[in-house]
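S.K.: Mind looking over this structure? Questions follow.
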Amino acid sequence: MAITLVNPSGLPEIGAYRQVSIATGSKLVFIAGQVAWDADGVTVGEGDLTAQVEQCYLNVGTALAEVGASFDDVAKLTVYVADWTPDKLPLFMEGVARAAAKLGVTPVPPATLLGVAALHVPEHLVEVEATAIID
């Protein structure tokens with residue numbers, strides 16, 4: 001595995017992610033921000049944060065698989081959520097869990113989650129981008 005996740009002593013241990021990601025592979029993979037579009041470009045789950053998070057993660061999984069990678073190879077996930085408030089975290093995590101179950105992987109929460117005013121398409125509530133490393 002090309003990724004080692006670490007929680008250094010002296011920094012808080014956050015259960016959802018690790019503070020440091022050590023990448024040792026030879027190829028960097030940058031997955032463009034994925035939104036809740038299906039393969040035909042139709043928005044999935046309009047108005048439903050959980051459904052959109054699930055679709056975004058499924059799309060990231062599809063992009064990773066295309067280059068021979070998986071979520072195990074992800075060094076960093078960055079998520080942008082329109083109109084984010086902390087009370088939306090359970091809905092967000094449910095979407096992550098549903099996608100993980102469909103993909104057969106361990107749920108991967110973001111290293112960085114940013115609340116934004118809006119995304120480029122008004123009905124999109126979330127966008128997920130990934131950086132992975134593979135040999």
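The values are calculated or read from the model by the stated rules, or taken from the named source; none is laboratory data. This one's a predicted model, so the numbers in the text were calculated from it and none came from an experiment. Note: ideal-geometry Cβ built from the backbone for every residue, glycine included; neighbour counts use all protein chains shown. Only protein heavy atoms, including side chains, enter the accessible area calculation; ligands, DNA and RNA are left aside. Shrake-Rupley method; radii C 1.70, N 1.55, O 1.52, S 1.80 Å.
S.K.: Nearest 10 degrees is fine. How inclined is helix 89-103 to the longest principal axis of the chain, computing both from alpha carbons?
M.R.: 70
S.K.: Using a 1.4 Å probe over the heavy atoms of the protein chains, calculate the carbon and sulfur portion of the accessible area of the chain as a whole percent.
M.R.: Taking all protein chains in place, the chain shows 56 percent carbon and sulfur surface.
S.K.: Could you work out how far helix 49-66 tilts from the main Cα principal axis of the chain, as a 0 to 90 degree angle to the nearest 10?
M.R.: For helix 49-66, the angle is close to 50 degrees.
S.K.: Continuing with this model, one more query. Can you pull out the GluC sites (Glu not before Pro) in the stretch 42-135 that DSSP calls coil and that have at most 15 other Cβ atoms within 10 Å?
M.R.: GLU46, GLU123
S.K.: For the chain, take the convex hull of the Cα atoms, compute a quarter of its surface area, and give me that in nm², please.
M.R.: Directional mean of the projected Cα hull area for the chain stands at 8.3 nm².
S.K.: At 1.4 Å probe radius, can you tell me the per residue accessible area of the stretch 22-103 in Å²?
M.R.: Normalised by residue count, the accessible surface of the stretch 22-103 is 51 Å².
S.K.: Roughly how compact is the stretch 5-83, stated as its Cα Rg over 2.2 N^0.38 Å to two decimals?
M.R.: Relative to the rule-of-thumb radius for its length, the stretch 5-83 sits at 1.29.
S.K.: Among ILE31, LEU49, THR62, flag the residue with its Cα farthest along the positive direction of the charge dipole of the stretch 1-73, charges on Cβ as +1 for Lys/Arg and -1 for Asp/Glu.
M.R.: ILE31
S.K.: Over the stretch 41-135, what relative contact order in percent results from Cα pairs under 8 Å that are six or more residues apart?
M.R.: Working: 146 pairs, mean separation 41.4, N = 95.
The normalised contact order for the stretch 41-135 reaches 44 percent.
S.K.: Return the calculated 222 nm mean residue ellipticity for the chain, to the nearest 500 deg cm²/dmol, obtained by summing -39500 (n - 2.57) across DSSP H runs with n ≥ 4 and dividing by the residue count.
M.R.: Result for the chain: -8000 deg cm²/dmol, rounded to the nearest 500.
S.K.: What lysines could a cross-link reach from LYS76, if we take a straight Cα to Cα line under 19 Å and drop same-chain neighbours fewer than 8 places away?
M.R.: LYS27
S.K.: Placing unit charges on C-beta atoms (Lys and Arg positive, Asp and Glu negative, everything else neutral), compute the dipole magnitude of the chain about its Cα centre in debye, rounded to 20.
M.R.: Numbers: 6 positive and 16 negative charges, 93 e Å.
My answer is approximately 440 debye.
S.K.: I want the antiparallel fraction of DSSP beta bridges within the chain, as a percent rounded to 5.
M.R.: Here the antiparallel bridges make up roughly 80 percent for the chain.
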